[in-house]
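The next block holds one structure in the form of structure tokens; read it before the comments.
What follows is calculated from the coordinates using simple rules that are stated; it is not laboratory data. Because the structure is predicted, anything quoted here is derived from the model rather than measured. Here the Cβ is made from the backbone with ideal geometry for all residues, glycine too, and neighbour counts use every protein chain on show.
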Amino acid sequence: MFGHRIRNRLAVAPMTRVSASGDGFATDRMKDYYREYARGGFAIVITEGVYTDEDASQGYDRQPGIANRRQANSWAPIATAISDHGSLAIMQLMHAGALSQRQEAARIIAPSAVPPLGEMMPAYGGSDPYRLPSAMTKTDLAQVRKGFVTAARRARDAGFHGVEIHAANGYLLDQFITEYTNRRDDEYGGPVSARIRYPAEIVAAVRDSSPDDFVVGVRVSEAKVNDFDHRWGGKSEAETTFAALAEAGASYIHVAGEGRGFRESSTDKREPLTTMARRMTGLPVIANGGLHDPDLADDVIRDEHADLIAIGRAALATPDWPRRIANGERIVPFENGMISPSASIQNTDAWFARQRAHGVHGDR
Ligand SMILES: Cc1cc2nc3c(=O)[nH]c(=O)nc-3n(C[C@H](O)[C@H](O)[C@H](O)COP(=O)(O)O)c2cc1C
């Protein structure tokens, strides 16, 4: 798929783990963490959202970046650990935009100066209302675009097989797609054909600056981390969005079910969004959201609603989920306690240590 041989149709969904060093370097513990997914049988390991530039892209403290050479170097052992176990290593590139939780950030930027809904997420170390962002100037647009291109080149140099452009879940590029966060009156605002322009430009810029065998996927979603109920404005909006991303040269489309399962993730009751994305674009499509039930996942693939399945929370709880399912072994169900009080790897380790102390889940 997308020019690479893959061993099955399972991907790890991107999951922020706020476990980097204070300077945004990936750590040894993160290497072991990602290696477990590859060793556990996932064909594709998509990393957490990694910030792209040193200006305003970072969303959280302890989020890893690829905004400078040293941060990029810290990712190389992770790319190697994933590849050595036979999986494709894809880095998710993320600009937080208005959803930055960093109170000390010099600037927070967004398509328009619209206060975000909701409050910062404790799982990623925030507790206050979001700050009011400033509207991006033409210079900002060019700089952020350059940030994505440079970040993708660094990811490639670090040994990743590709990148996934994060245009989902309410972050910067999704803020362009979404009507109520994009009030621009230039060519990037207005109807969805204009609102998708900037995310599509980013995909095209990264595609154009990468070799053909480098994967450039894109992730979209209707719902957002700060607005679970949000839906696109009907079938034609969805079609316009998918067509523009395909036209831009995306290698795959990943439809995220932030807060919702696959079955509900459709603007059109008769056709799931992933099915529409496949029909519109002919590209490989990744479905995500509540697909940890193997029978349901099988149905989605067999009925041609998607080409690949991304597993989030169930993978966090059972990193060797594919291997255990194949062998009929026991699965550890996901519990919120695994990512409390924050989503750090350390808190998950502590959760398992507590369970072991009580004589359960001792096999991890
Ligand atoms: C701890 C955690 C961190 C997440 N971080 C990201 C992220 O960095 N980027 C992203 O696109 N989605 C992120 N998500 C959303 C997941 O990729 C996925 O869409 C969601 O968990 C639903 O899939 P699931 O039902 O398989 O868990 C995160 C989810 C969790 C639970």
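Between the beta carbons of Leu296 and Glu271, assuming R0 = 22 Å, the FRET efficiency works out to 0.80 to the nearest 0.05. Beta bridges from DSSP with both residues in the chain: antiparallel share about 10 percent, rounded to the nearest 5.
If r is the Cβ-Cβ distance from Asp32 to Ser127 and R0 is 35 Å, what FRET efficiency results, to the nearest 0.05?
On the way: r = 30 Å, r/R0 = 0.84.
After rounding, the FRET efficiency stands at 0.75.
If only the Cβ of Lys and Arg carry +1 and only the Cβ of Asp and Glu carry -1, the dipole of the stretch 2-75 around its Cα centre is close to 560 debye. Placing pseudo-labels 7 Å out from each Cα toward the beta carbon at Glu54 and Arg70 gives an inter-label distance of 0.9 nm.
Each residue of the stretch 273-287 was assigned a 3J(HN,Hα) from its phi angle through the Karplus curve 6.51 cos²θ - 1.76 cosθ + 1.60 (θ = phi - 60°); the sequence is 4, 5, 5, 4, 4, 5, 4, 5, 10, x, 8, x, 10, 9, 9 Hz, with glycine and proline shown as x.
Taking 0.36 nm per residue of sequence separation and subtracting the Cα-Cα distance, how much length would be gained by fully extending the chain between Phe334 and Phe228, in nm to one decimal?
On the way: separation 106, 0.36 × 106 = 38.16 nm, distance 2.00 nm.
Here the answer is 36.2 nm.
In plain terms, the chain from Glu179 to Asn8 could stretch by 57.8 nm, reckoned as 0.36 nm per residue minus the Cα-Cα distance. In order along the stretch 325-341, the phi-based Karplus estimate (6.51 cos²θ - 1.76 cosθ + 1.60, θ = phi - 60°) of 3J(HN,Hα) comes to 4, 4, 8, x, 8, 5, 10, 8, x, 5, 9, 4, x, 5, 10, 10, x Hz; Gly and Pro are listed as x.
Could you compute the FRET efficiency for Asp213 and Ala357, with r as their C-beta to C-beta distance and R0 at 45 Å, rounded to 0.05? Present the calculation step by step, with values, prior to reporting the outcome.
Values: r = 47 Å, r/R0 = 1.05.
E between Asp213 and Ala357, to the nearest 0.05, is 0.40.
P(r) tail, the chain: Cα-Cα pairs separated by more than 26 Å, 46% of all pairs.
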